[in-house]
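To keep things clear, I will list the structure first and then write my remarks on it.
The values are calculated or read from the model by the stated rules, or taken from the named source; none is laboratory data. Computed from a predicted structure; not experimentally measured. Neighbour counts are summed over all protein chains in view; Cβ atoms, including those assigned to glycine, are modelled from backbone coordinates with ideal geometry.
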């Protein structure tokens, strides 16, 4: 298990319902953070991005604490959190284009995204966050695009799969905590 998870009690920030569903969700998160294919820095950054995307302040704070323990810079931590915002914008726009099925008339997004050119987290890590947030937001074209970029960069299918699982589990936990 990751030392980062062992050193900090993730249970303290999770919903405390005792139902079978709540237990499954808690165990899934702990397994993804501690035993999955993602390295501790990757899982903590992805957790921050998807937790921010669903507005889960407790999981976001937990992920920030993990990233600080991993010696991420404040700029990197902020970028991981803010990746939820820029990907939220892009996911909505590209879902619009995908739903219309008419890329010719709407071929230029015309949305400023210069922050994506040189991310503080590095291109591969930012792509990982973009993929996880896109899974959460259900943007098929963004999911395909970021998955292809990650696989081309050499990221294993297991890591890509764990990013998707992490997004799904965070969505479930956030729904449960409402």
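None of 100, 90, 67, 129 is buried (at least 20 other Cβ atoms within 10 Å of the Cβ) and over 21 Å from residue 33 (Cβ atoms) except 90.
The sole residue among 141, 177, 145 that is farther than 16 Å from residue 38 by Cα, touching a residue at least 40 places away in the same chain (Cβ under 8 Å) and out of contact with any helix residue (DSSP H, G or I) (no Cβ under 7 Å at 6 or more places or on another chain) is 177. For the stretch 107-121, filtered to residues that are in contact with a helix residue (DSSP H, G or I) (Cβ under 7 Å, 6 or more places away or on another chain) and not in a helix (DSSP H, G or I), the residue that is farthest from residue 51 (Cα to Cα) is 109.
Okay, residues lined up against (1) at pLDDT 95 or above; (2) out of contact with any strand residue (DSSP E or B) (no Cβ under 6 Å at 6 or more places or on another chain); (3) within 16 Å of residue 90 (Cα to Cα):
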position	(1), (2), (3)
118	no, yes, no
126	yes, yes, yes
132	yes, yes, yes
136	yes, yes, yes
144	yes, yes, yes
151	yes, yes, no
156	yes, yes, no
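The set of residues from the stretch 152-170 being outside any loop (DSSP other than H, G, I, E, B), surrounded by fewer than 19 Cβ atoms within 10 Å (Cβ to Cβ) and either in contact with a helix residue (DSSP H, G or I) (Cβ under 6 Å, 6 or more places away or on another chain) or without any contact (Cβ under 8 Å) to a residue 40 or more places away in the chain (or both) comprises 152, 157, 164, 168. Only one of the numbered conditions (1) part of a helix (DSSP H, G or I); (2) under 23 Å from residue 47 (Cβ atoms); (3) more than 13 Å from the chain's Cα centre (by Cα) is not met by residue 130, and that is (3). Of the residues screened, residue 85 is not one that is surrounded by fewer than 19 Cβ atoms within 10 Å (Cβ to Cβ) and in contact with a helix residue (DSSP H, G or I) (Cβ under 7 Å, 6 or more places away or on another chain). Among the conditions (1) more than 19 Å from residue 149 (Cβ to Cβ); (2) over 13 Å from the mean Cα position of the chain (by Cα), residue 85 misses just one, which is (2). Listed by position, the helices (runs of 4 or more DSSP H) inside the stretch 1-106 whose residues that are in contact (Cβ under 8 Å) with a residue 60 or more places away in the chain number at least 1 are 3-7, 20-35, 40-54, 57-69.
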